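Visitor: Please read through the structure below; I'll follow up with questions.
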Amino acid sequence: MCDNPSTIRSALLFWMLSFVPSNILPYITLGVASISLVVYYVQLNLPSLKLNRLKNTIGMTEDIITRAKADCGMRDHLLLVEGEIRLLRVKLSTSRIHSRLLETHSVCWITYLQNMITISRNLAMSERELQDIRTSLLLLIEGPHQHKLGQTINGSQEIEHSRVLQSQRSCRTRVGNRDVGLSHEV
């Protein structure tokens, strides 16, 4: 009759809910939803997951530095070096956080909680610093890009302006030739 396990589970759940008074069900639902949100928030903010996201962001920032070196060249070399040094500091901090996270697996729960608070603070500081580095590097890349776009716009405007002037001259020449032709006829 009902061979599907999920059908059996849902039927069992509805059968069990039939014994619960109807005024309690909203509270149970609210409790389950609240607990689910808390568990989701805790899982999202686990230091090990945040550390992995930080490492991924570091990799993307290294790619941005490589792109900035190619786009900017020697013009902004000092700013690029400063960005690289800041990134190396964040990488060192991330490595220290990773080491501290590895050390927390063999300590008592009070020390574990204290370490987790410190690790979370350090992760947040590293994330902010890394975001600042990324923003400054992207702005550094965007400067030459905007300059090139401005030159392209100016070049296009000059071409358009010269074309308009040329068409005005040709119109004057045609009108002038007509006037000359009319004066000979009279």
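Visitor: For Glu142 and Tyr112, compute 0.36 nm times the residue count separating them, minus their Cα-Cα distance, and round to one decimal in nm.
Guide: Gain on stretching Glu142 to Tyr112: 6.4 nm.
Visitor: In what sequence do Arg96, Arg169 fall when counting other Cβ within 10 Å, fewest first?
Guide: Fewest-to-most ranking of Arg96, Arg169: Arg169, Arg96.
Visitor: Report ³J(HN,Hα) in whole Hz for each residue of segment 132-145, in order, from the Karplus equation J = 6.51 cos²θ - 1.76 cosθ + 1.60 where θ = phi - 60°; Gly and Pro get x.
Guide: 5, 4, 4, 4, 5, 5, 5, 5, 5, 6, 5, x, x, 5
Visitor: Give the calculated FRET efficiency between Glu62 and His105 to the nearest 0.05, with a Förster radius of 35 Å applied to their Cβ-Cβ distance. Spell out each step's value before the answer.
Guide: Values: r = 29 Å, r/R0 = 0.83.
In this case the efficiency is close to 0.75.
Visitor: Any lysines with Cα under 23 Å of the Lys69 Cα? List them, leaving off those in the same chain fewer than 8 positions away.
Guide: Reachable lysines: Lys55, Lys91, Lys148.
Visitor: Using a Förster distance of 35 Å, how high is the FRET efficiency between Glu160 and Val81, based on the Cβ-Cβ distance and rounded to 0.05? Show your work: numbers first, answer last.
Guide: On the way: r = 42 Å, r/R0 = 1.19.
It comes out at approximately 0.25.
Visitor: Under a point spin-label approximation (7 Å from Cα along Cα-to-Cβ), what is the Arg121-Ile28 distance to one decimal in nm?
Guide: Taking the two extended label points, one gets 4.4 nm.
Visitor: Further question on the same structure: Quick one: go through segment 76-112 and flag any residue whose amide nitrogen is under 17 Å from the point 7 Å out along the Cα-to-Cβ line of Glu129.
Guide: Answer for this model: 81-101.
Visitor: Which of rounded, prolate, oblate describes segment 47-160, given a ≥ b ≥ c as roots of the alpha-carbon gyration tensor eigenvalues and a/c under 1.5 marking rounded, otherwise prolate only if a/b is larger than b/c?
Guide: Values: a/c = 4.52, a/b = 3.43, b/c = 1.32.
It is prolate, given that a/c is not under 1.5 and a/b is the larger ratio.
Visitor: May I ask you to sort Cys171, Cys72 by Cβ crowding, counting other Cβ atoms within 10 Å and putting the fewest first? Kindly include the intermediate steps, with their values, before the conclusion.
Guide: Values: Cys171 10, Cys72 18.
Taking fewest neighbouring Cβ atoms as first place, the list is Cys171, Cys72.
Laboratory data are not the source of any read-out in this text; all were calculated from the coordinates shown. The structure displayed is predicted, hence computed values, not measured ones. Methodologically, a virtual Cβ is constructed for each residue, glycine included, from the backbone with ideal geometry; neighbour enumeration extends over all protein chains shown.
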